[in-house]
1. On C-alpha positions alone, give me the angle between the axis of helix 11-22 and the longest principal axis of the chain, in degrees, nearest 10.
2. Under 4 °C and 1.567 mPa s, how fast does the stretch 113-166 diffuse according to Stokes-Einstein, given a Kirkwood radius computed over C-alpha pairs? Answer in µm²/s, whole number.
3. Write down, largest first, the equivalent ellipsoid semi-axes of the chain in whole Å, where each equals the square root of 5 times an eigenvalue of the alpha-carbon gyration tensor.
4. Suppose we flag GluC sites (Glu not before Pro) only when DSSP calls them loop and at most 14 other Cβ atoms lie within 10 Å. Which is the longest uninterrupted stretch of the chain?
5. Grab the Cα-Cα distance for Ser332 and Asn200, subtract it from 0.36 nm times how many residues apart they are, and report the gain in nm with one decimal.
6. Return the subset of Lys214/Lys288; Lys91/Lys154; Lys214/Lys284; Lys62/Lys84; Lys84/Lys154 for which the Cα-Cα distance in this structure is over 19 Å, preserving the input order.
7. For the stretch 88-234, report the translational diffusion coefficient in µm²/s to the nearest whole number, using Stokes-Einstein at 25 °C, 0.890 mPa s, and a Kirkwood Rh over Cα pairs.
8. What is the helix-to-structure angle for 62-71, meaning the angle in degrees between its Cα long axis and the longest Cα principal axis of the chain, kept from 0 to 90 and rounded to the nearest 10?
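The values are calculated or read from the model by the stated rules, or taken from the named source; none is laboratory data. Everything numeric in this text was worked out from a predicted model, so none of it was measured. Positions of Cβ are generated from backbone atoms using ideal geometry, with glycine treated the same way; all protein chains shown enter the neighbour counts. Accessible surface areas use protein heavy atoms only, side chains included; no ligands, DNA or RNA. Shrake-Rupley method; radii C 1.70, N 1.55, O 1.52, S 1.80 Å.
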Amino acid sequence: MNILVTGGAGYIGSHTVIELINNGHDVIIIDNLSNSCKEAVTRAERIIGEALTFYEKDIRDKQALEKVFSKHQIDGVIHFAGLKAVGESVKMPLKYYNNNLISTISLLEVMESHNVKQLVFSSSATVYGDPASVPIKESATLPAKVTNPYGQTKLVIETMLMDLAITNNNWQITALRYFNPIGAHESGTIGEDPSDIPNNLMPYVSQVAIGKLKELSVFGSDYPTRDGTGVRDYIHVTDLAKAHVAALSTPASLNEYRAINVGTGKGTSVLELISAFEQASGVKVPYKITGRRRPGDIAACYADPSLAHSILGWRAQKTIEDACADSWRWQSANPNGYRG
Ligand code: NAD
Ligand code: UD1
């Protein structure tokens, strides 16, 4: 299939492009490089051994999208493009609503006018808010509002996609609800490259390990979890990339909207992640436990991934140790990410 990948220069997009090519698909990437760089695409080309079709365009620009859809016979779209920094979204909500919502509407309108109806959308476990119980099933009731504008854009887009599916206009829509993506390609040549001080745990840990940051602060030690620290479902980015390939090869039916969790089903605490990282890297990660919880954090969040297995035949294969080893390979070979 010819797959348009929006945000394909980004962290998850670049890994997914590789899996798509490995599975015989052709790929067209659109990315405005607002949170990525062209070097990620160049390195993906090196891994797959072929040139990729890449457009540096903003997908809010409908004319630019029109041109791409007219030039290529596109069979389906994976829509990664979006802004994702939770803290920034609280400070600059309009930037998030503008970018994430307008880009999605513009993409859907152009898809509709070109009769391209197969879509896989990057959603997030954040749409569950503070879950009533774990592991989380897709049938869990979604809150009307989540705690930050970034998460809210995911909730609004999911609602919009549900509405689109019931128009009986032959849309086939899959929203993949990612848990916590970590790790890097096993080659160590592509990976997560935060442009600022990282907010998320794994990039913070690896930057402490490489000596770019002094020590990790563990936010909160009094959660009702095994060791008092927050528990999350860390999923290797290559496994996550493969879930997209599975979603395309087992597509939603005509006029169907489906939401599917992509996680391992296993919860790992902050202290357990630090220890797995230290073992995989052989490097000590200095940390201090702060009594202060991060606002908006929840105690535990991990998936019931059984729907992904029954519908897509997909299951996470890699372990937390694999992910730590791959994150470290990427970080140690590229201390400054793609910026050399
Ligand atoms: P990323 O920032 O690395 O990738 C997103 C890409 O989209 C970037 O390359 C950016 O330049 C591009 N982009 C943003 N706005 C654009 C626009 N208007 N036009 C064209 N390109 C645009 O992020 P990621 O971690 O790869 O995440 C991909 C998707 O998955 C996002 O939608 C994100 O919200 C979602 N997601 C990520 C996580 C995570 O922890 N990484 C968790 C759940 C969901
Ligand atoms: C965060 C976002 C969530 C988003 C997800 C994936 C918040 C409140 N939530 O979730 O919306 O979908 O990333 O992008 O930002 N931790 C530390 N020290 C750190 C960083 C994190 O102790 O320096 C802890 C956190 O308290 C948490 C765990 O590590 O218990 C994981 O944090 P993180 O990687 O930010 O992911 P989420 O909290 O799941």
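1. Computed tilt is about 60 degrees.
2. Rounded, D is 104 µm²/s.
3. Details: eigenvalues 189, 108, 68 Å².
Whole-Å semi-axes of the equivalent ellipsoid: 31, 23, 18.
4. Working: sites that count: Glu50, Glu215.
The answer is 51-214.
5. Between Ser332 and Asn200, full extension yields 45.7 nm more.
6. Going by Cα-Cα distance, Lys62/Lys84 fall outside the 19 Å limit.
7. This corresponds to a translational diffusion coefficient of 136 µm²/s.
8. It is inclined by approximately 70 degrees.
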